[in-house]
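Each remark here refers to the structure printed beneath this line.
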Amino acid sequence: MRTLIVGVGALGGTIATRGINASVPIWLATRRAETAAVLRKSGLRVSGIGGAAEARSVRVAAIEEYAKGDKFDLIVLATKAHDALEAAPSLARLLAPSGTLLCIQNGGVSQMLSERLGAEVVLGGLSNLGATMVEPGVYEQRNAGHLLIGEVAGGISDRAMNVAEALRPAMEMRVTANLRGAIWSKLLLNCSVTTIGALANQTMRGYMASAAGREVFGRTYDEALAVALASGTPPERMIVDPVPPHGDRGRWIDQILAHYGDIKPSMLQDFERGRRTEIDFINGYATEVGRKLGVGVAMNAAITAMAHRIEQGEVRPDPARLDDLLRLAG
Ligand SMILES: NC(=O)c1ccc[n+]([C@@H]2O[C@H](COP(=O)([O-])OP(=O)(O)OC[C@H]3O[C@@H](n4cnc5c(N)ncnc54)[C@H](OP(=O)(O)O)[C@@H]3O)[C@@H](O)[C@H]2O)c1
């Protein structure tokens with residue numbers, strides 16, 4: 001399966017290195033020609049969980065250097081969410097007949113692109129493999145996660161099985177019949193655990209020590225869960241049951257804390273580096289879908305607005321943001 005990976009950052013670079021190392025026919029597309037030149041010279045290296053691997057000779061060019069005649073059976077879109085929405089429409093020209101565009105962003109990207117480009121083109125994916133980019137061409141795999149893929153409309157298809165087979169030498173691949181449910185499960189945690197931690201400049205364990213943190217967490221999670229259920233998508237059970245028990249939630253919260261309580265939120269790193277976050281595809285997506293469906297999303301809307309204010313340098317991530325959110329959401 002001729003495969004083009006678009007976006008050679010933390011995740012794209014890690015998958016590409018392991019795939020090329022295992023002789024998967026992979027080409028790479030960067031945003032800029034200079035980055036492509038650097039990668040052609042340096043090759044790719046990955047270290048960390050899963051062991052070291054390298055790809056000395058890589059076929060890489062800037063995305064606009066790929067001509068209409070370059071056709072791929074599979075394009076893996078490994079950019080951030082906002083870049084994915086921008087780049088995807090022009091990638092159709094590089095797909096072979098019956099080719100597949102696989103989106104691996106968190107949140108609503110695969111759903112949005114499936115609506116825009118057609119369900120027959122777009123396959124959705126979700127990575128629980130964590131990776132970082134040390135510098136262009138050098139990546140570190142942080143855990144032994146996998147890539148879960150599936151049809152946005154649900155069910156198991158031959159093409160999802162074929163794509164999983166093709167990428168299996170690069171990483172552990174799983175196919176789900178309920179991709180949207182899996183996406184919502186991850187989204188529920190991203191909306192609450194990750195985003196709140198980023199705004200408060202704390203881990204989840206840190207902000208759950210305060211009454212304000214517990215209230216913001218509970219309201220954010222419950223709103224996002226109500227949106228998922230109203231959209232007809234029962235979240236799939238991943239590590240923790242996505243539906244909290246009625247009554248005492250103490251044990252359920254302890255389970256979430258045990259898995260995610262001490263992780264530095266990735267969005268906080270985006271704030272620290274002055275990078276655009278994926279907030280519009282996380283709490284912003286829950287807000288947008290909730291409003292369409294008439295579900296109350298005041299806390300997710302307040303979180304989205306607050307994240308934008310931090311991106312613009314108007315306020316800083318700080319525990320005081322928790323009280324701000326309670327005031328804003330009413
Ligand atoms: N990293 C993880 O552990 C992880 C885990 C789960 C999910 N994810 C999701 O996976 C996605 C990618 O994350 P990441 O951490 O790999 O991001 P990243 O390190 O920022 O990499 C994204 C790459 O895409 C490139 N890019 C942007 N627009 C492009 C275009 N039009 N054509 C070609 N390349 C383009 C960027 O190049 P420039 O630097 O030139 O902009 C960058 O190298 C995100 O949605 C993220 O939420 C990541």
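The values are calculated or read from the model by the stated rules, or taken from the named source; none is laboratory data. All figures in this text were calculated on a predicted structure; none of them were measured in a lab. All Cβ positions, even for glycine, are placed from backbone atoms using ideal geometry, and neighbour counts span all protein chains on display.
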**Item:** Subset of region 126-135 that is touching a residue at least 40 places away in the same chain (Cβ under 8 Å) and under 24 Å from residue 101 (Cβ atoms) - its residue that is farthest from the chain's Cα centre (by Cα)
**Value:** 133
**Prompt:** How many of the residues making up region 1-40 are basic (Lys, Arg), closer than 18 Å to residue 54 by Cβ and free of Cβ contacts under 8 Å to residues at least 60 places away in the same chain?
**Reply:** 1
**Item:** residue 77 being at pLDDT 95 or above, within 18 Å of residue 281 (Cα to Cα) and either surrounded by fewer than 22 Cβ atoms within 10 Å (Cβ to Cβ) or touching an Asp or Glu at 6+ places or on another chain (Cβ under 7 Å) (or both)
**Value:** no
**Message:** Can you find a residue that is buried (at least 18 other Cβ atoms within 10 Å of the Cβ) and more than 15 Å from the ligand (Cβ to nearest atom) anywhere in region 127-138?
**Reply:** no
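Per-residue answers, yes or no, for (1) modelled with pLDDT under 95; (2) of a type in the set (Asp, Glu); (3) surrounded by fewer than 23 Cβ atoms within 10 Å (Cβ to Cβ); (4) over 16 Å from residue 283 (Cβ atoms):
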| site | (1), (2), (3), (4) |
| --- | --- |
| 166 | no, no, yes, yes |
| 180 | yes, no, no, yes |
| 191 | no, no, no, no |
| 222 | no, yes, yes, no |
| 234 | yes, no, yes, yes |
**Message:** Looking at region 40-59, can you tell me whether even one residue there is assigned to a helix (DSSP H, G or I), near the ligand (Cβ under 10 Å from one of its atoms) and more than 20 Å from residue 166 (Cα to Cα)?
**Reply:** no
**Request:** Mind counting the residues in region 4-18 that are of a type outside the set (Val, Ile, Thr) and either surrounded by fewer than 24 Cβ atoms within 10 Å (Cβ to Cβ) or within 6 Å of the ligand (Cβ to nearest atom) (or both)?
**Result:** 5
**Request:** Determine whether residue 124 is crowded, with 18+ Cβ neighbours inside 10 Å and more than 9 Å from the ligand (Cβ to nearest atom).
**Result:** yes
**Request:** Taking the residues in region 273-321 that are free of Cβ contacts under 8 Å to residues at least 24 places away in the same chain and under 20 Å from residue 213 (Cβ atoms) as candidates, determine which candidate is nearest to the chain's Cα centre (by Cα).
**Result:** 305
**Request:** Those residues that are near the ligand (Cβ under 10 Å from one of its atoms) and either in a loop (DSSP other than H, G, I, E, B) or more than 17 Å from residue 135 (Cα to Cα) (or both), I need them from region 19-39; list them, please.
**Result:** 31, 32
**Request:** Please tell me if residue 84 is surrounded by 15 or more Cβ atoms within 10 Å (Cβ to Cβ) and either in a helix (DSSP H, G or I) or within 9 Å of the ligand (Cβ to nearest atom) (or both).
**Result:** yes
**Complete:** Residues of region 296-318 being on the phi > 0 side of the Ramachandran plot and either among the hydroxyl-bearing types (Ser, Thr, Tyr) or in contact with a Pro (Cβ under 6 Å, 6 or more places away or on another chain) (or both), in sequence order, are none
